[in-house]
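Participant: Quick one: the structure is below, and I'll ask about it shortly.
The values are calculated or read from the model by the stated rules, or taken from the named source; none is laboratory data. Keep in mind it's a predicted model, so treat the numbers as computed, not measured. Ideal geometry is used to build each Cβ from the backbone, glycine not excepted, and the neighbour counts take in all protein chains shown. Quick note on the areas: whole protein, heavy atoms, side chains included, nothing else; ligands and nucleic acids left out. Shrake-Rupley method; radii C 1.70, N 1.55, O 1.52, S 1.80 Å.
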Amino acid sequence: MPEILEIEYYRLHAVEALGRTIADVHADDAWYLKGGLDGATARSALAGRTLTAARRRGKLLLLDTDEGEGPVLGLRFGMTGRLVVDHAAALDDLIYGSNRDEPAWDRFALDFVGGGHLRMRDPRRLGGVSLDPDEEALGPDGLTLTLRQLRAALGKSTAPLKARLMDQHRIAGLGNLLTDEILWRAGLDPQREAHRLDDEEIRRLHRHIRAGLDRLWQRGGSHTGDLQAERHRGGVCPKDGTPLSRRTIGGRTTYSCPLHQG
Ligand SMILES: [Zn+2]
């Protein structure tokens, strides 16, 4: 599933479409239109508008039109969505979905004046498109998360630490792989109640969120963590060789080291 790093790649890819004016909108897949949007409304709201900014909040990609005078197009990528600008897909080697150029997987598209297009390709169809999505419903963005924001996100919550970090209303952008990798690096048990971290642990977690995201960005995505190769039954901790524990936390399969994650 694409996480914050993949959506940041998509955002950089979408920059290539900025300055272009929308000639036509292909929005025939009603399932893919969210927030009460229908195809006719999408067409009339977007045709003739120019894309002027590509922003991101967590896993939500936001395309501004007409310098903020037009609607904001919100793109969510679900499990297997990817962004195609003209004929090039961002992240050609993305492991989450097939990169076959299969027109049946195009769920939404913009054609630009003078040629070229932007498409949402999504085999499993779990992403979606909306206009003027509620950005404030999302927590602060994971890539720029401050220590103070992390402290506020953990708060007095008795939820497991991992579930709290993945709660998009608290922190936007962290998913299953990144959260396991960060907690493994920080030496923190994903099952700990979020409010039980002391100040030193919160600081350590913050450092590892920043450094871990930075490292995995350099390597090429959420699936490039040190823990990745051991995410299977019988996997062992890459630090100390201890058999990893495998649990369901926050509804997701979670790998952690019972020895060094406390
Ligand atoms: Zn370990």
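Participant: Would you check if L177 is over 17 Å from A194 (Cβ atoms), surrounded by 22 or more Cβ atoms within 10 Å (Cβ to Cβ) and out of contact with any strand residue (DSSP E or B) (no Cβ under 6 Å at 6 or more places or on another chain)? Step through it out loud before you land on a result.
Facilitator: Numbers: over 17 Å from A194 (Cβ atoms): yes; surrounded by 22 or more Cβ atoms within 10 Å (Cβ to Cβ): yes; out of contact with any strand residue (DSSP E or B) (no Cβ under 6 Å at 6 or more places or on another chain): yes.
Here the answer is yes, as L177 does meet what is asked.
Participant: Take the stretch 5-20 and flag every residue that is open to solvent by 30 Å² or more (accessible area, probe 1.4 Å) and either more than 16 Å from R49 (Cα to Cα) or acidic (D, E) (or both).
Facilitator: To start, the set of residues in the stretch 5-20 that are open to solvent by 30 Å² or more (accessible area, probe 1.4 Å) comprises 9, 11-12, 15-16, 18-20.
If the condition is that a residue be open to solvent by 30 Å² or more (accessible area, probe 1.4 Å) and either more than 16 Å from R49 (Cα to Cα) or acidic (D, E) (or both), then Y9, R11, L12, E16 are the ones that fit.
Participant: Here's a follow-up. So R246 clears everything in (1) within 15 Å of the ligand (Cβ to nearest atom); (2) more than 25 Å from the chain's Cα centre (by Cα); (3) open to solvent by 70 Å² or more (accessible area, probe 1.4 Å) except one condition, right? Which one?
Facilitator: So the condition that R246 fails would be (2).
Participant: Using the structure shown, decide if A23 is more than 30 Å from R219 (Cα to Cα) and either open to solvent by 50 Å² or more (accessible area, probe 1.4 Å) or modelled with pLDDT of 95 or more (or both).
Facilitator: Details: more than 30 Å from R219 (Cα to Cα): yes; either open to solvent by 50 Å² or more (accessible area, probe 1.4 Å) or modelled with pLDDT of 95 or more (or both): yes.
For A23, the condition - more than 30 Å from R219 (Cα to Cα) and either open to solvent by 50 Å² or more (accessible area, probe 1.4 Å) or modelled with pLDDT of 95 or more (or both) - is met.
Participant: Tell me, please, whether a residue that is closer than 18 Å to P123 by Cα, aromatic (F, W, Y) and not in a helix (DSSP H, G or I) can be found in the stretch 26-47. Quick ask: steps written out before the conclusion?
Facilitator: Residues of the stretch 26-47 closer than 18 Å to P123 by Cα: 26-34.
Within this subset, residues satisfying the condition of being aromatic (F, W, Y) are 31-32.
Filter once more, keeping what is not in a helix (DSSP H, G or I): none.
No - not one qualifying residue is present in the stretch 26-47.
Okay, residues lined up against (1) surrounded by fewer than 18 Cβ atoms within 10 Å (Cβ to Cβ); (2) within 16 Å of the ligand (Cβ to nearest atom); (3) closer than 26 Å to L62 by Cβ:
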| position | (1), (2), (3) |
| --- | --- |
| I171 | no, no, yes |
| R207 | yes, no, no |
| D214 | yes, no, yes |
| L227 | no, yes, no |
| R231 | no, yes, no |
| T254 | no, yes, no |
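Participant: Which one of L161, L94, L62 is modelled with pLDDT under 95, in contact with an Asp or Glu (Cβ under 8 Å, 6 or more places away or on another chain) and open to solvent by less than 40 Å² (accessible area, probe 1.4 Å)? Talk me through it step by step, then tell me what you get.
Facilitator: Working: L161 fails: modelled with pLDDT under 95; L62 fails: modelled with pLDDT under 95.
That would be L94, the only listed residue that is modelled with pLDDT under 95, in contact with an Asp or Glu (Cβ under 8 Å, 6 or more places away or on another chain) and open to solvent by less than 40 Å² (accessible area, probe 1.4 Å).
Participant: Here is a check on your reading of the model: is T144 of a type in the set (V, I, T), under 24 Å from L63 (Cα atoms) and open to solvent by 40 Å² or more (accessible area, probe 1.4 Å)? Explain how you work it out, then say what you get.
Facilitator: Numbers: of a type in the set (V, I, T): yes; under 24 Å from L63 (Cα atoms): yes; open to solvent by 40 Å² or more (accessible area, probe 1.4 Å): yes.
So T144 fits the description; yes.
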